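Contents: one structure, followed by commentary.
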Amino acid sequence: MPRYPETSAGTHKRSPAMSRAHQQHRASAAAHYYRSRRVPERLEEALTDIYHRGPDDVYGHLSCYFAAFSDPPVISDVRGRKVLDGAGKTTLEAEISCTVQTVNKRVCAATVPMDAEPAPEVAGETQRQESVETAIRWIQESIGPALKGMEPGNQSTIDQLLRDYFKVMKQEDKEQEAENERAPSTPVSLPSPAPSPPSSKKKMSGKGKKAAALEKPLPPAEPPEVTTRGALAVAAVSLAVAKSSAALQGLPLYSHIAALKQQQPSSELMIPTPLISLLSCGKSSPGKLNLMKEILLIPRPGMTMAQSLDLAICLQTQIQKQLEAQSKGGQSVTRMVSMLGCLVVACERLEQPLELVREACAALELELGRDVCLFINCAAHEIMDYNKGRYEIISGVWKSPDEMVDLYVDVVNKHPAIVALLDPFRKEDREQWEALGKAVGSKCYLIADVASRSGSAPTCSGPILRLTNETTVTDLLEAVQPMEEAKRLTIFGCSPEECVEESVVDLAVGLGVRFVSLGGLLRGERAAKYNRLLAIEEELTRTGTLGLRGEFEFSALENDTNILNSQDSI
């Protein structure tokens, strides 16, 4: 028993009447406290409910019952840390902790890959490290404290805060760059503007060549998009908040995203058609083929995800057999796996990769154009030779932008299984985008990826959306809606350098996009995303909420800059 000090001579002992009055006051105050919070009636309801239900775990039932009346969880801490992506390169992870029923607990973390393709100057590992360190500093010093006490479910409010903060930091970055440029420094030679095609009378390779003097001057390349260091904090925190909100509600992320999009729970969701990379034969490969950087499989409409992956595996295995047979025959064949998770092949002729796929389909008794459709990533911006003002479609063969239109029309007509072309031109070749759209738009999608970034977008079926750098979840939601209303094609894609983060799949399903581009099946970080697609399809099938995709729908391509230009930052 605790011992209390003796009452001093000058201290009066509390009388029994005073003690009773004090106790009555405390009891009255406690009763008022509980009544103001409706505790008695809640307790009565809980006890009545328990009696009727008769659960074995009475206290567990009480705990769950009263949890519904507790204060909503709020963010208590946001942290950033360095992690590695699928290629072992540095990227950012954002972690959210929340106060849940008076207890601080880690809820979710999200990793977003660094998309350095439009800004090669941040591709070096030193620059990557600096960018990630800047993002961590943003989170620790500003973003984390600003989000503390906010509910994770307030996605749009949090994303607006992230947008506003990024604008301030981007402006500071520009001002710092301007100040550095004003400071005395060693002159740096900048690349000269793209010259007009040479006027040499030397015969060029290919048919239908026009005299260089009659060709239009080549539009110079627009300045490359400059990524603000630290921008990755915006995407990573935004995604981590969305994941946390879904987890706290006990929902899969795709259901939470669909509810944010539709402002109500969705009764039906559809699985995006996967664009599965089969072959990589671009400029970075040892082969001579330049134009067709990547050949992707599009399963026919109506196929399940399991059937689509089985089809891709069969085609991939058959192509490997054909490559092995060619190597035994003395042909030069390179077999390795690209960052996109597909086979890298060395080809000598323009249509050689298409012939590989056609032979594989014939061996498997698959019909091109019915069982198998093709998506070609042309990556034309990578094969432009600015000294000659032409595209080098294969080694030593050059085509002007106008001649490229004829080339694509011929290839699409010859191979009707091709239903989509990605980046067939630079974005500066707007007349050629429009001309190709008029020629093949009724049977082939024209997709802009790099061509849709920064500046005005060319005429196309739609851009590829990604969550990276300064993009927020709200940005994606705001991008999809007008595209759907305008009947534009919606595609969600991975970054060239991916990380082991499956949330991109949930985003694609929740956003309701038509296609999702995840790469090939030969790298773990990409295979994990296909596994997530399989799991989501099974969940939707089990709950009876799986919708069915219809046939491909092609529409006339009109230049609607109001819609496409709003997606420049995505």
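Counted residue by residue at 0.36 nm each, then reduced by the alpha carbon distance between them, the extension gain from Y65 to N413 reaches 118.8 nm. Taking every alpha-carbon pair in region 297-387 and binning the separations at 5 Å intervals from zero gives 2, 11, 20, 24, 19, 12, 7, 3, 1, 0 percent. With each label modelled as a point 7 angstrom along the Cα→C-beta vector, the E141-L522 pair spans 4.5 nm. The separation of region 428-453 from region 213-260, counted between C-alpha centres, amounts to 23 Å. Straight-line cross-link partners of K82 among the aspartates and glutamates, defined as a Cα under 14 Å from its Cα and at least 8 positions apart when in the same chain: E93, E95, E125, E130, E133. List, in the order given, every pair from K243/K438; K174/K261; K261/K529 whose Cα-Cα distance in the structure shown is over 32 Å. Going by Cα-Cα distance, K243/K438; K174/K261 fall outside the 32 Å limit.
Diffusion coefficient (Stokes-Einstein, Kirkwood radius over C-alpha pairs, 37 °C, 0.692 mPa s) for region 383-426: 292 µm²/s, rounded to a whole number. Inverting the mean 1/r over all pairs of different Cα atoms, compute the Kirkwood radius of region 226-319 and quote it in Å. Across region 226-319, the inverse of the average 1/r is 17.2 Å.
For region 381-508, what % of the accessible area comes from carbon and sulfur atoms, probe 1.4 Å?
Numbers: 1820 of 3810 Å².
Carbon plus sulfur share of accessible area: 48 percent.
In the assembled protein chains, T99 presents an accessible area of approximately 40 Å² (probe radius 1.4 Å).
Once the Kirkwood radius over Cα pairs is known for region 404-524, the Stokes-Einstein relation at 37 °C and 0.692 mPa s delivers a diffusion coefficient of 212 µm²/s. Principal axis analysis of the Cα atoms in region 468-541 yields extents of 35, 33, 18 Å, listed in decreasing size.
Here the simple spin-label model places points 7 Å from the Cα toward Cβ, and for R26 and E539 these points are separated by 5.0 nm. By the compact-protein rule of thumb, 2.2 N^0.38 Å, the alpha-carbon radius of gyration of region 16-145 corresponds to a ratio of 1.84. For q values of 0.18, 0.22, 0.29 Å⁻¹, compute log₁₀ I(q)/I(0) with the Debye formula on a Cα-only model of region 438-503, without solvent. So the normalised log intensities are -0.77, -1.08, -1.47. A simple count of charges around A178, restricted to other residues whose Cβ falls under 14 Å of its Cβ and scoring Lys, Arg +1 and Asp, Glu -1, yields -3.
The values are calculated or read from the model by the stated rules, or taken from the named source; none is laboratory data. Computed from a predicted structure; not experimentally measured. Don't worry about glycine lacking a Cβ; one is built from the backbone with ideal geometry, like all the others, and counts go over all protein chains shown. Heavy atoms of the whole protein, side chains included, go into the accessibility calculation; ligands, DNA and RNA do not. Shrake-Rupley method; radii C 1.70, N 1.55, O 1.52, S 1.80 Å.
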